[in-house]
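To keep things clear, I will list the structure first and then write my remarks on it.
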Amino acid sequence: MSGAAKGAKTILPGATIGILGGGQLGRMMANAGSAMGYRFVALDPTPDAPAGQVARQLVAAYDDREAAGELAKQADVITYEFENVDAGVAAMLMERSYVPQGSELLYTTQHRLREKRAIEAAGVKVAPYAEVRSADELREAAGRFGLPCVLKTATGGYDGKGQWVIRDEAEIGEAFETLSRAGTELVVEQFVRFAKELSVIAARSPQGEIRTFPAAENIHVDNILHLSIVPARIDESLQREAERLAFRIAEGLGVVGLIAVELFLTADGELFVNELAPRPHNSGHYTMEACRTSQFEQHVRAVCGLPLGETSLLTPVVMVNVLGEHAAPLLDRIAMKDEAAERLGVAPKIHLYGKHEAKAKRKMGHVNVLAADVEQALEWIAETKIWRV
């Protein structure tokens, strides 16, 4: 292994892992790490947060430095479960505790312009883009890129928030004025007419070991991930190339832990990186039953400096998200004999996150549908009718 990080440590089971963030990713990380013998403490402002139901929880704001200091006292190593953690708090924690992921990757991936430049520096393509500071600059860029194009805030935004697909010149002024209210830089991207959306989760340890998970084919509905299909329905050579690009990004950015690399595949076989997420990712939930090592175990292994786990696929799988509007129908279905699953030969594995309020479009859980073939899993999902609610 090359490229070992300075000051890299091995944190053995029995130690306590601190998590900045107490949502579902922290919950699933704690479940995986607890099975290995680690203890967990999470910092999150929501009482009885999903991670707080399976680990100790400090109830405080993410930018509460006193609470972050308490997290440092209680934990032997600190990680984060979402990238909008205050980078200043992460930097402070580096002085008081062991934060193998550091704050530099957070700083990079919290800002779309910095992220795109880092991806390009790693030798990987992104869609053509430009920073725009006025409606006139946006108009000029839209003329170069053509319509539609996508205007995004440089910071914040997820599940389609903080962006505007501009389809007509008449929208330019309103789009610029609306997104400018966020008070951050704006970036406009050429609209990539993709055939498929893909993602690859890569892991890198402080010692420089890198492993990638099989590429997932992702389908979004209303800008929220609906399905992750694995193996992706693409040529094997494209799967290998997607994994190679994720490997290169993990190496080039000096990642520790996980990095999710979201990609667009065009009709002529080109791959462009869309976005990065330096953490476990919704599109990696399929790994929980379908791979030899889950993304959550792999993240724990990486931040604790253990050898990384083997990532090969054990079974085809389709991960389907459970949003607030799907929660009640799914609970009703759990109590019934699943004749469709028996007939189709699939095994649905249900994961619910313990969130207290089932709001529409809010991620409440997911189901990993294991099958001999992904088409059988997709048929089960269609037959349940839960996702038509």
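Computed values, structure above
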read-out: Accessible-area value, Arg27, 1.4 Å probe, nucleic acids and ligands omitted, Å²; value: 40
read-out: Computed over the stretch 102-209, the ratio Rg/Rh where both radii use C-alpha atoms and Rh is Kirkwood; value: 1.01
read-out: P(r), alpha carbons of the stretch 73-127 - 5 Å bins starting at zero, rounded %; value: 4, 19, 26, 19, 14, 10, 5, 2, 1
read-out: Carbon + sulfur, % of accessible area of the stretch 53-126 - ligands and nucleic acids excluded, 1.4 Å; value: 45
read-out: Gap separating the Cα centres of the stretch 88-129 and the stretch 231-252, nearest whole Å; value: 21
read-out: Rg to Rh, two decimals, where the stretch 236-314 supplies the alpha carbon set and Rh follows Kirkwood; value: 0.97
read-out: Average Cα contact separation per residue, the stretch 254-389, under 8 Å, 6 or more apart, as relative contact order %; value: 22
read-out: Shape metrics for the stretch 1-114, restricted to C-alpha atoms - Rg then Dmax, Å; value: 13.6, 42
read-out: Counting all C-alpha pairs of the stretch 6-45, share separated by more than 16 Å (%); value: 37
read-out: For the stretch 354-389 versus the stretch 10-39, the gap between their alpha-carbon centres in whole angstrom; value: 26
read-out: Accessible-area composition of the stretch 209-280, carbon plus sulfur, in percent [1.4 Å probe]; value: 44
read-out: Whole-angstrom Cα spans of the stretch 328-385 along principal axes, big to small; value: 34, 21, 17
read-out: Residue-normalised accessible area of the chain, expressed per residue, 1.4 Å probe, Å²; value: 42
read-out: Selection from Ala75, Ala91, Gln53, by position along the positive dipole direction of the stretch 36-100 (Cβ); value: Ala75
read-out: C-alpha center-to-center spacing [the stretch 147-223, the stretch 45-71] in angstrom; value: 29
read-out: For the stretch 239-389, Kirkwood radius (reciprocal of mean inverse C-alpha pair distance, Å); value: 17.2
read-out: When the convex hull of its Cα atoms is projected in every direction, mean area for the chain (nm²); value: 19.0
read-out: Volume of the Cα convex hull of the stretch 193-269, divided per residue and given in Å³; value: 94
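The values are calculated or read from the model by the stated rules, or taken from the named source; none is laboratory data. Note that the structure is a prediction, hence the values are computed from the model and not measured. As a convention, Cβ positions derive from the backbone with ideal geometry for all residues, glycine included, and neighbour counts pool all protein chains shown. Note: areas computed on protein heavy atoms with side chains; ligands, DNA, RNA excluded. Shrake-Rupley method; radii C 1.70, N 1.55, O 1.52, S 1.80 Å.
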